[in-house]
Amino acid sequence: MAVLDQSYKPQLHTDVEVLPDSELGFILHHRTGGQNCRISKHAQPLIPFLDGQHTLTDLQSHLQQAVGRPVSLDQVATFITLLGHQGMLVDSEARFDAKPMQRREGCWSRLMHLRIPLVQGDRFLQPVAALLRRLPAAPLKLLLVLLLLNGLIAPFLLLLTSQIQLSFTPGILDTSGLMILAALIVAEIIVHEIAHGLSLTLLGGQTRDFGVGIHYFLIPYAYTNTTDAYRLNRRGRILVSLAGPMVDLSLLGINAMLLSTGLLSPGASQIIIIWMSFQATILLWNANPFLPFDGYYVLADLLNEPALRREAFRYLRSLPRRLLGRAAADRHTPRQRRIYLGYGLLTAVYMVGFLSYGFLLTLAAFPNYMR
Ligand SMILES: [Zn+2]
C-alpha cells in the first residue's frame, strides 16, 4: 500500500521534539504548529535515524535490530507516511500534501479562537509549587476531597431545605455590591486558571502563559497554556483539566454553606446567589464536551484521542470523498472511525443549534429591526 521509494531519506522537522508518554509510547510535538502525533514504543528506535541520511531500507534494518524480529519495508513506509501526513517531516507539504503548519494555526483558526497571552506562567508558579511540596500532602488531599464532596452535596441540600428565597431581587445590589460581585467572579476565573497551571507544574510540566481569548467571536474565555501536559501520562493530563472546575465546585460548596447559615445580610445573600449561578453556569459550560473547554480535554484523554476535535472534523470533511471511494488509504482503526463520526456529528449539530439560538436571541433583543 505504501507508495514511498525505498531510497527516500525522511528527515524529521527541526521544530519537532520527542516527548515521553509513559503508557502508550511517545509523542512527537511540533513546536510551531502545536501538532501532536502519538507513536508507539516499537517505532521509537527509528526517531534518531530520521535525519535525512538514512533510506527506508536503512530504517528497516535498524528497526529489525532494535526490536529483534523481522519488520517489513511496508510497515516502515506506512509509519513514515503517517509522520508525513501529520506534517512532522521537512518535506511533508511537498511530498505528503500535508497542510503547512502556519496555515493550520493560521488566520482563520486564530480569529475563530482568538488568544491574547498576558502572563508567563512558570515564573510565579514554580515558587508556589515548591512551597506546596513542602507542606504535608495527606492533609491537603483530604481537605481537597472534603471541599469537592461539599461542593457536590451542599448546593443540593440548600435547594431542597433552604428557607431563604433563592432568587434575584433587582434593586437590592447597589454599585458597590455589583463591583464586589464582579471582583469575586474575576478572582474566581483567575484562580481557576492558576489551578490548571499549578497542577501541571506540580506534576512536573511547564506552564507557558496565561491569557484571555474569544471563541467564534462570541464566547469569551480565559486560558492557561498547558501544552506541556502532553509530557504527563493520561491520569496527569485529566487531573490538569479537572483542576480548574475543582476550584469552581469547591467555591460553589462554600457559598452554599455560607448561604444556608442564614446569617448574611440581604445584600450579601444576593451577591452570593448571583455568584453561585455564575459558578453553576461555568461548571456546566466546562462539562460540555462540544466546545474546547475543560470537559472536552477530559473526554479526549478518556478516549485516548488527544487531537479528537481536529481529527473528527478532518474525518467528517473526508467523508464525501470516502463515500465516493476516492479517499486515500484509511489510517484509522474502526474504533477511531466510530469515535470521529459520533463526536464530529454531535458537535456539528450542537454548533448549528447553538449558533442559531444565539442568532434568534439577538433578533429577539432587537425587535424593531424585524419590522
Ligand atoms: Zn478551565
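The values are calculated or read from the model by the stated rules, or taken from the named source; none is laboratory data. Since the model is a prediction, treat every value here as computed from it, not as a measurement. Cβ sites come from the backbone with ideal geometry, for glycine too, and all protein chains shown count toward neighbours.
Tabulated results
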item	result
Single unsatisfied condition, residue 86 versus (1) modelled with pLDDT under 85; (2) farther than 25 Å from residue 208 by Cβ	(2)
Leading residue by the ranking (farthest from residue 16 (Cα to Cα)) among those in the stretch 55-83 that are at pLDDT 85 or above and small (Gly, Ala, Ser)	72
Test: residue in the stretch 153-163 that is under 29 Å from residue 215 (Cβ atoms), touching a helix residue (DSSP H, G or I) at 6+ places or on another chain (Cβ under 6 Å), assigned to a helix (DSSP H, G or I) and modelled with pLDDT of 80 or more	yes
Test: residue in the stretch 225-242 that is under 18 Å from the mean Cα position of the chain (by Cα), more than 23 Å from residue 347 (Cα to Cα), in a helix (DSSP H, G or I) and within 10 Å of the ligand (Cβ to nearest atom)	yes
Qualifying residue in the stretch 286-301 (condition: away from the ligand (no atom under 16 Å from the Cβ) and outside any loop (DSSP other than H, G, I, E, B))	no
From the options 295, 325, 344, residue that is over 30 Å from residue 158 (Cβ atoms) and surrounded by 15 or more Cβ atoms within 10 Å (Cβ to Cβ)	344
Failed item in (1) closer than 30 Å to residue 28 by Cβ; (2) within 16 Å of the ligand (Cβ to nearest atom), with residue 247 passing the rest	(1)
Residue in the stretch 230-242 that is among the basic types (Lys, Arg), over 29 Å from residue 114 (Cβ atoms), assigned by TED's automatic domain parsing to the domain that holds residue 283 and surrounded by fewer than 20 Cβ atoms within 10 Å (Cβ to Cβ) present	yes
Index of the failed condition, residue 256 passing every other in (1) surrounded by 14 or more Cβ atoms within 10 Å (Cβ to Cβ); (2) free of Cβ contacts under 8 Å to residues at least 40 places away in the same chain	(2)
Matching residues, the stretch 277-306, being over 25 Å from residue 256 (Cα atoms) and of a type in the set (D, E, K, R)	301, 305
Only listed residue being modelled with pLDDT of 90 or more and surrounded by fewer than 13 Cβ atoms within 10 Å (Cβ to Cβ), chosen from 147, 178, 184, 142	142
Conditions (1) within 15 Å of residue 158 (Cα to Cα); (2) at pLDDT below 90; (3) among the aliphatic types (A, V, I, L, M); (4) within 16 Å of the ligand (Cβ to nearest atom): number failed by residue 252	(2)
Answer residue from the stretch 192-224, given it is of a type in the set (A, V, I, L, M) and either surrounded by fewer than 15 Cβ atoms within 10 Å (Cβ to Cβ) or assigned to a strand (DSSP E or B) (or both) and is nearest to the ligand (Cβ to nearest atom) among those	222
Of the criteria (1) within 14 Å of the ligand (Cβ to nearest atom); (2) surrounded by fewer than 16 Cβ atoms within 10 Å (Cβ to Cβ); (3) not small (Gly, Ala, Ser), which one residue 263 fails	(1)
Residue that is over 18 Å from the mean Cα position of the chain (by Cα) and away from the ligand (no atom under 16 Å from the Cβ), where the choices are 272, 185	272
